[in-house]
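Scroll down for the structure; my scribbles are underneath it.
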Amino acid sequence: MKRKLRMRLNLLAIIIVALSLLVACDSGNKTSKSASDNASSSKKSSDGTQTLSIFVDQSYWPLDKWKGEIPEEITKETGIKLKVQVATDSQQLPLMISSGDLPDLVFTSDHFQQMSDPKISYTWDELIKKYNVKDFNIDPLARVLNQASDGKLYSVKNGFTNPEEFKSTPKALGNVPALSIRTDIMKELGNPKLESLDDLVNLLKEVKAKYPKMTPLVLSPVALSHYFRVNFGVGYQGFTKVDGKAAYYIADPKQYDYYMFMNKLYREGLISAENFTWKDANKDKEMIENGQAFAICNNTDMATINAEIKAAGKDFQIDQVPQLLGDNAELTTNSAGWSGLFITKNAKNPKAAIKFLQFMHSEKGQQLGLWGIKGKDWTLDQPIADGGYPKFKYDSQSASEQKKKGAVWWGLLADNGINEQVQRYVPGTSVTKAMMDAKKYTKNDPILGAIDPPVGSEEQVTKANLDNMIQNEEAKIYLANSASAAKKAYNNMMKTAKQIGLTKLDNYANSQYNKLIDEYNKVKN
Amino acid sequence: MKPKVQDTRLPIYSVSKPSVWKRLRKQASPQLFVIVGLIVLFIFQYLPMFGILMAFKDYSITDGISGIFTSHWVGFKYFIQFFHDYQFKTIVTNTLAISFLKLIFTFPIPIILALMLNEVRISVVKRIVQTTSYFPHFISWVVVAGLASVFLSTDTGLFNDFLMKLGIIHHPIDFLSDPHHFWGLAVGTAMWKETGWWTIIFLAAVSGIDPTLYEAAQIDGAGRLKRIWHITLPAIRGTIVVVLILAIGSLLGGGLVGSNFEQSFLLGNSVNSGRSEILQTYAFQMGLAQGRYSYATAIDLLQSVISVILIFGSNWIAKKTTKTGLF
């Protein structure tokens, strides 16, 4: 009797253990399911608004909530709220694609090709047709530049401006890599001349001699090479023109001069080796704000840095050098846009999603998203084409103000370039002066920007391998102990690039370029 | 003629062995616990192995799980691609070098520390040393990597400052950016983090030794070192061999102290990649960053095959030389 009872108790214990295991598995599923539900559901709340989930594939995106007067105004106009998820790193979206756990909307640049897949995203055209969306016109040029390998349009990259339109719009300013320096130290040094790269090297040497504990120059980990590449007139990503033919940016022989200059900066002790190891995207900012560095090369961020220095109670400021310093400076943007908004096949309400997109794509939607509420936040005295620009009633360039209002960033979801570019114009500032100066050197061939090998293709693998190789090998050039060692490292990098398939990739790029230019000219004419 | 020898052996009564089924029924309760464990093991360890198929197929992630079965066979295409990868030699060298260095340096240290602690007679000191040495085991690698950056930086690192103030060095050492320091950094930080933890295993083995053996040796005039050499080490030989086999089995993952991936991922960068890129980080990068899942699976499978060979090989050698093995 006792034995039987013990047996039953044992069995009961085993069943409980087994059940708890299953419950654990099930609750695990529930957790992921509820996360997925949250991510992909579009619920209608009591106030009649719909909630769409969005994944923003830019880890530096500052707005992780649909909060502030501008998002609220967008909700009023569209009846849509966004549930925001910002990427923690560049691997998150590929993981979500693999698991199928995608939200309603995805905004991405790096995985544009991967998202342009009929199994993952809706094409804009099919939704426009299905839901009979009126007045949603897609620029035929943008159509050519953004079409996927199957010829369909899954998204349009934002920020694309026709190069002629950019040039002819007086107050349109491109985002330029910036060099900013400490004004107090400049004053102490007697404001030495700063008109060329040689002047810069001399200035940094002077700083090093007078302030040995200070790092003369820090480079932003996210824009490490941008400023100096622009000053040497070479591209820092994608495809460019070499001898009249499309080629991968590294194939440009002018890159050699850039690498040698960077190596010189390192050998002179003007930049540190550790700068190339930083994983924290804000490390450069931290160094300059803590007074540990004299100059900073980054994407224009002077207003924010100065505001943060002031808030920390420090008594110095930085100022952006208003002109490019290189003899052959050229800002080769070659851009067909930046990031695209995709409506995924997981979207519970594709109709609401395409309507939202339509609004954000409209002139009104762009101005609201980028600038704020008309009259309250900005006024426009004359048409943009005639030199007009928004006159803001708030500090439009301050990151904290932008975050508080929800300005600029949501407008980027579907902007046409010009509205974003005139937002940068603030008369009289050194940043505006630098951007106006850079405009003179800007060259943009959007067709080159549109060359993007399809996912899984041999060319895409070659391009990825090249990027990986360049990242590893160029560090050896930067940190070589002598000019001859740097030259050797450069030659080795180029030799490896050819072994990986640089020539083949260039041939592919050239044929794609010719094909796209035919289509582009047809549409243009 | 051979003399008749009386058989003095005791008669053997044949006792029929109960059948397997009967024995299982007899052990029903404990066996059920085992079955639950086996099911869990099967679901989480064996079932996902069908993913290995990806290494031999032209798989696209958008095809979902069914795509693993329906995509085209490509044979050893991805393995051959990896053998021709410009980084192949570097990656394999790094993986093997870091793993073997860890084995050489991190395996004996816990044994030595356990032997030393065993000789400490003041229990408070023994406990303090034991606790402080195994405490780092509970710190995650992310934190360790952060601490390493803070302590070892050339610009702001305390360690470099300390060495310079003592006059040992005149220029800060580029621990984080000089590729030549990476292997040392990996072994050093792993040793710091895991030595204390593995010491516990060996201390447990040492504590199981019969104290009368030591007393007898002491009466015979054996000193401390003699007692360690002739009593302690032979007594824990079995534990040492088993731990060594396990360490060799997981050699490419970092052996006893593990963490090859975490270290290379967190402390590796484009400057030291020539010494920090290993099979695991490369597979991670190819799979998740570039979306080349078949290629990444092939790289990882290659590592698994090497690990299986290592574990069988080391077990065979251990059995031949010490008569002790895992299986």
Cβ pairs under 7 Å, 6+ apart, first in segment A:457-476 and more than 9 Å from chain B (Cβ to nearest Cβ), second small (Gly, Ala, Ser) and not in a helix (DSSP H, G or I) | A:THR462/A:GLY501
Output for segment A:317-352, where each listed residue is more than 23 Å from the chain's Cα centre (by Cα) and surrounded by 23 or more Cβ atoms within 10 Å (Cβ to Cβ) | A:ILE318, A:ALA347
Would you check which residues across segment A:102-120 are under 21 Å from A:LYS81 (Cβ atoms) and assigned to a loop (DSSP other than H, G, I, E, B) and list them?
-> A:LEU102, A:PRO103, A:ASP104
State all residues of segment A:250-291 that are of a type in the set (Phe, Trp, Tyr), at pLDDT below 95 and assigned to a helix (DSSP H, G or I); if no residue qualifies, say none.
-> A:PHE276
Here are A:THR503, A:THR496: which of them is among the hydroxyl-bearing types (Ser, Thr, Tyr) and either in contact with a His (Cβ under 6 Å, 6 or more places away or on another chain) or within 14 Å of chain B (Cβ to nearest Cβ) (or both)?
-> A:THR496
How many residues does segment A:301-316 contain that are on the phi > 0 side of the Ramachandran plot and under 19 Å from the mean Cα position of the chain (by Cα)?
-> 0
Quick one: A:TYR520 ticks every box in (1) surrounded by fewer than 14 Cβ atoms within 10 Å (Cβ to Cβ); (2) away from every other protein chain (no Cβ under 14 Å) except a single one, so which number is it?
-> (1)
Within segment A:79-94, considering residues that are in a strand (DSSP E or B) and more than 7 Å from A:PHE55 (Cβ to Cβ), the one nearest to the other protein chains (Cβ to nearest Cβ) = A:VAL86
So A:GLN255, is it within 14 Å of chain B (Cβ to nearest Cβ) and polar (S, T, N, Q) = no
Residues satisfying the stated conditions in segment A:129-146, i.e. in a loop (DSSP other than H, G, I, E, B) and either hydrophobic (A, V, I, L, M, F, W, C) or at positive phi (or both) | A:ASN132, A:VAL133, A:ASP135, A:PHE136, A:ILE138
Could you tell me whether segment A:297-316 includes any residue that is under 26 Å from A:SER59 (Cα atoms), within 14 Å of another protein chain (Cβ to nearest Cβ), surrounded by fewer than 20 Cβ atoms within 10 Å (Cβ to Cβ) and touching a residue at least 12 places away in the same chain (Cβ under 8 Å)?
-> no
Restricting to segment B:93-117, what's the tally of residues that are surrounded by 16 or more Cβ atoms within 10 Å (Cβ to Cβ) and either among the acidic types (Asp, Glu) or over 21 Å from B:GLY249 (Cβ atoms) (or both)?
-> 4
Within segment A:155-168, the residues that are over 16 Å from the mean Cα position of the chain (by Cα) and crowded, with 24+ Cβ neighbours inside 10 Å are A:SER155
Single match in A:LYS129, A:LYS119 (criterion: assigned by TED's automatic domain parsing to the domain that holds A:SER362, free of Cβ contacts under 8 Å to residues at least 12 places away in the same chain and more than 16 Å from the chain's Cα centre (by Cα)) | A:LYS129
Condition met for A:LEU63 (crowded, with 20+ Cβ neighbours inside 10 Å, within 14 Å of chain B (Cβ to nearest Cβ) and either under 21 Å from the mean Cα position of the chain (by Cα) or in a loop (DSSP other than H, G, I, E, B) (or both)) = no
Count of segment B:245-261 residues which are crowded, with 20+ Cβ neighbours inside 10 Å and either modelled with pLDDT of 90 or more or of a type in the set (Asp, Glu) (or both) | 1
Is one or more of the residues making up segment B:36-59 touching a helix residue (DSSP H, G or I) at 6+ places or on another chain (Cβ under 7 Å), acidic (Asp, Glu) and either surrounded by 12 or more Cβ atoms within 10 Å (Cβ to Cβ) or within 14 Å of chain A (Cβ to nearest Cβ) (or both)?
-> yes
Looking only at segment A:95-146, which residues are over 22 Å from A:ASP415 (Cα atoms) and within 14 Å of another protein chain (Cβ to nearest Cβ)?
-> A:LEU95, A:MET96, A:ILE97, A:SER98, A:SER99, A:GLY100, A:ASP101, A:LEU102, A:ASP117, A:PRO118, A:LYS119, A:ILE120
From the list B:THR232, B:THR154, B:THR199, which one is polar (S, T, N, Q), closer than 19 Å to B:LYS102 by Cα and surrounded by 16 or more Cβ atoms within 10 Å (Cβ to Cβ)?
-> B:THR199
The lone condition A:ALA438 fails out of (1) at pLDDT 90 or above; (2) surrounded by 21 or more Cβ atoms within 10 Å (Cβ to Cβ) is (1)
Given segment B:263-327, what helices (runs of 4 or more DSSP H) lie entirely inside it while holding 2 or more residues that are in contact (Cβ under 8 Å) with a residue 40 or more places away in the chain and within 14 Å of another protein chain (Cβ to nearest Cβ)?
-> B:273-276, B:293-322
Those residues that are in contact (Cβ under 8 Å) with a residue 40 or more places away in the chain and either touching a Phe, Trp or Tyr at 6+ places or on another chain (Cβ under 7 Å) or among the small types (Gly, Ala, Ser) (or both), I need them from segment A:424-443; list them, please.
-> A:TYR425, A:SER430, A:THR432, A:ALA434, A:ALA438
Go through (1) closer than 20 Å to B:LEU266 by Cα; (2) free of Cβ contacts under 8 Å to residues at least 60 places away in the same chain; (3) within 11 Å of another protein chain (Cβ to nearest Cβ) one by one and return the number of the condition B:HIS171 breaks.
-> (1)
When you look at B:ILE228, is it in a helix (DSSP H, G or I) and within 19 Å of B:GLY254 (Cα to Cα), yes or no?
-> no
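The values are calculated or read from the model by the stated rules, or taken from the named source; none is laboratory data. Quick caveat: nothing in here was measured; it's all calculated off a predicted structure. All Cβ positions, glycine included, derive from the backbone under ideal geometry; neighbour counts span all protein chains shown.
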